[in-house]
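Notes follow the structure.
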Amino acid sequence: MSEQISGAQSLVKSLESAGVEVMFGIPGGAILPAYDPIFDSKIRHILVRHEQGAGHAATGYAQVTGKVGVCIATSGPGATNLVTPLADAHMDSVPMVAITGQVPGPAIGTDAFQEADIRGVTMPVTKHNYLITDPNEISRAISEAFYIAKSGRPGPVLVDVAKDALQKMTGFSYPKRPELRGYRPQVEPNEESIRDAAALIAQSSKPVLYIGGGVIKANAAKDLLKLAELVGAPVVTTLMARGAFPDSHRQHLGMPGMHGTVAAVTALQKSDLLITLGARFDDRVTGKLSTFAIGAKIIHADIDPAEIGKNRYADVPIIGDLGPTIRALIPAVTAEFKKRQPDYSTWWRQMDSLRSTYPLGYNEPEDGSLSPQYVIELIGAITGPDAVYVAGVGQHQMWASQFIKYEKPRTWLNSGGLGTMGYAVPAAMGAKVGAPDTPVWAIDGDGCFQMTNQELVTCSLNNIPIKVAIINNESLGMVRQWQSLFYQGRYSNTDLHSKRIPDFAKLAEAMGCVGLRCESKGDVDKIIKEANAINDAPVVVDFNVHRDAMVWPMVAAGTSNDDIMIARELAPDWDSQEL
Amino acid sequence: MAQHTLSVLVENSPGVLARVAGLFSRRGYNIDSLAVGPTEDPKVSRMTIVLNLEGHALDQVSAQLFKLVNVIGIQEMKDSDTRQRELAFVKIAADRGKLEPLLAGYQTEIVEEKSGTSIVQVVANNKDLVALLKRLESLGIKELVQSGAIAIELGSQTLVEQTARETGLASSDNQSQLEDYQN
């Protein structure tokens, strides 16, 4: 029998054994025993102001580093406050381990103080979860949690530990290789599928590389660049894949989907072969599914077998890690091209025409007020492609995806699947902790900012100098846009009055940040540079922007990608395009 | 839409039934019947799930089920090469004399007969059970208790062996992936 330690010590030693460097959390009654050994641990614990902040910070950290993000909370409300970030991480396949305290084993099921069945609550929004009532099982559960979170299709894992399990004594051994009978993700792709895919590519005349966030999770961006240049086809990167392929690359048509470029959306629609890598045919990409890319065959490569055929039938499914998959595709395609070199010149002429006729753009407001797109574009241009950009959810998120140029993976973070308003500030905090030497800009909306800005206190106190651009259009802008377009301009409950209250600059100052305000176009450049020069405190810039700016292009929800609009009541002039 | 039977091997761990049931409700699949019980391996339980689905949806259900960490293996049980049975108890206001002609040809047992009421035990496949219950309706069924279906594949091979082969669980060459899971 090995030396006896407490369950709490076992928990902290397990986290250390898993290589955890930092975790975000808040103590409370049920988790309190764990916080005693945390006090002595080499793991950096960052005391946040709300558990939701801890969860999104863990996500931001994970997205930037590729490591597992860790958050910790107490039972009941502490745990339920983690539900939103867990659901967010689940939708966006973020590796995360959440530790929660639970009431003591004998009290479970008695409606005890601060009791919530968090394992039951989080079952649909985690990759897996545990309720541990035996101290001997803590180390195994933590080891499995990290393995499950990071391997296969990444995702969040919750480990709920009863207080008495933390207090009781146990031996300690950390299983480095957990045995999970029902969990063996397939890493290596099937060779026959690779050959079939390569053959389809060589036979196609209008292929598109449809790139999803899986390429970033798989650290396969370099492999993708080689494959894309070998194939020579147009590339589109989804909202979750921005940065997986350089925006500056000639083959890149930009983002597809509801607010994608005309060229990217049309490329998918008119293609005869979608080479789908780590994407999931989300409704925001496909539009009305029955009209999506109806002439295209589908190669669908994903590590998650349940994605194959979920929304769209795959002619060639490839199950496996995208790294080995793409690296296997390269020689297979090379061999096929030796037999038959496809000619995509007509296809490229069509795409080039669309790209040059319908570039992303925006109109300056006629009243001389500040254009939100300009602000975001300039933040990206001045700060550059080495910085990390973290968006909230809404119009500013779409503009940040459209008008900042991404060249590298893990430089663009956002809540793509769940669409969690309030994601930006805490996720930027986590990102900055993961990449302390990299400038991190949160591009946030005035609505989003008011949901989670309390974490700026955490940033100030813990030397996490993020920068926050509030794109303040004093409204829930995306909802307002839909009200403008689909509800006859009846702005029911979308006016936030946030140019009046709160005073964001003062609020920022009160939280220990530098607070700045920008109201005119002439000041934007200077203020961004001023913010970039501050590295000893978080900076918040309140950009007072025009409230009626809209995100274009747009495929209205539930309609076909064929009905993309480039401005209000303005469709592309299809007759002039040779398609 | 057609009826399909899935046999699902799961780790015998707490919460596993909730995970499976939750998956079905969350993805909008309706379960016709569900039976859970122990297997020859005390660490493994076996669920037999009968559901109405289109063929395409069945692949998706199987893939989603297999994604659950506690699910070890899944097999569709096709009528042609499996044996499938349900158990029912029927409480009915009739005596043996009235019942026996109706029960002829079915695998039944009259468990109790008391003051004009009988309890009939039936073991049958779903089709026969439905047919028999229809016959018994004429006598007035007072109470019906019915299990979910259980099914076994004919032949010498076991579901454990089959899923082990299909998922590579039997081989140990899949270990390399475990190396870099730590932070």
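The values are calculated or read from the model by the stated rules, or taken from the named source; none is laboratory data. Quick caveat: nothing in here was measured; it's all calculated off a predicted structure. Cβ placement follows ideal geometry from the backbone for every residue including glycine, while neighbour counts extend to all protein chains displayed.
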### Message
For region A:174-194, give me each residue that is surrounded by fewer than 15 Cβ atoms within 10 Å (Cβ to Cβ) and more than 14 Å from chain B (Cβ to nearest Cβ).
### Response
A:GLU191, A:GLU192
### Query
Restricting attention to region B:52-62, which residues are surrounded by fewer than 20 Cβ atoms within 10 Å (Cβ to Cβ) and in contact with a strand residue (DSSP E or B) (Cβ under 8 Å, 6 or more places away or on another chain)?
B:ASN52, B:LEU53, B:GLU54, B:GLY55, B:LEU58, B:SER62
### Task
Count, please, the residues in region B:1-43 that happen to be within 20 Å of B:GLN84 (Cβ to Cβ) and within 14 Å of chain A (Cβ to nearest Cβ).
7
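Which residue is nearest to A:ILE132 (Cα to Cα), if the candidates are limited to region B:33-46 and must be touching a helix residue (DSSP H, G or I) at 6+ places or on another chain (Cβ under 9 Å) and not hydrophobic (A, V, I, L, M, F, W, C)?
Among residues in region B:33-46 that are touching a helix residue (DSSP H, G or I) at 6+ places or on another chain (Cβ under 9 Å) and not hydrophobic (A, V, I, L, M, F, W, C), the one nearest to A:ILE132 (Cα to Cα) is B:SER45.
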### Task
Could you please find all residues in region A:207-251 being surrounded by fewer than 22 Cβ atoms within 10 Å (Cβ to Cβ) and not in a helix (DSSP H, G or I)?
A:ASN219, A:GLY232, A:PRO246, A:ASP247, A:SER248, A:HIS249, A:ARG250, A:GLN251
### Summary
Result of the Cβ filter at 7 Å on region A:175-199, keeping first residues that are closer than 23 Å to B:VAL16 by Cα and without any contact (Cβ under 8 Å) to a residue 24 or more places away in the chain and partners that are assigned to a helix (DSSP H, G or I) and of a type in the set (Val, Ile, Thr), at least 6 apart or interchain, is A:ARG184/B:THR167
#### Entry: Top-ranked residue in region B:63-78 [being part of a strand (DSSP E or B) and surrounded by fewer than 21 Cβ atoms within 10 Å (Cβ to Cβ); ranked as nearest to the other protein chains (Cβ to nearest Cβ)]
B:GLN75
### Query
If we scan region A:135-154, do we find a residue that is touching a residue at least 12 places away in the same chain (Cβ under 8 Å), under 28 Å from A:ASP343 (Cα atoms) and more than 10 Å from chain B (Cβ to nearest Cβ)?
no
#### Entry: Condition met for A:VAL545 (closer than 19 Å to A:GLU366 by Cβ, β-branched (Val, Ile, Thr) and touching a Ser or Thr at 6+ places or on another chain (Cβ under 9 Å))
yes
## Note on the structure
Here, strands (runs of 3 or more DSSP E) confined to region A:61-136 with at least 2 residues that are under 23 Å from A:HIS50 (Cβ atoms) and modelled with pLDDT of 95 or more are A:69-73, A:96-102
### Message
I need every pair where a residue in region A:60-71 that is within 13 Å of A:PRO154 (Cβ to Cβ) and at the interface with another protein chain (Cβ under 9 Å from one of its Cβ atoms) has its Cβ under 9 Å from the Cβ of a residue that is among the hydroxyl-bearing types (Ser, Thr, Tyr) and part of a loop (DSSP other than H, G, I, E, B), sequence separation at least 6 or different chains.
### Response
A:VAL68/B:TYR181
#### Entry: Pick from region A:3-32, criterion within 13 Å of chain B (Cβ to nearest Cβ) and outside any loop (DSSP other than H, G, I, E, B), ranking: surrounded by the fewest Cβ atoms within 10 Å (Cβ to Cβ)
A:GLU16
### Task
Residue by residue through region A:95-142, note down the ones that are among the small types (Gly, Ala, Ser) and either over 23 Å from A:ALA57 (Cβ atoms) or under 24 Å from the mean Cα position of the chain (by Cα) (or both).
A:ALA98, A:GLY105, A:ALA107, A:GLY109, A:ALA112, A:GLY120, A:SER139
### Summary
Those residues of region A:174-219 that are in contact with a strand residue (DSSP E or B) (Cβ under 8 Å, 6 or more places away or on another chain) and hydrophobic (A, V, I, L, M, F, W, C) come to a total of 8
### Message
Among the residues in region A:291-309, are any surrounded by fewer than 23 Cβ atoms within 10 Å (Cβ to Cβ), acidic (Asp, Glu) and more than 14 Å from chain B (Cβ to nearest Cβ)?
### Response
no
### Query
Is there a residue in region A:378-390 that is β-branched (Val, Ile, Thr) and part of a loop (DSSP other than H, G, I, E, B)?
no
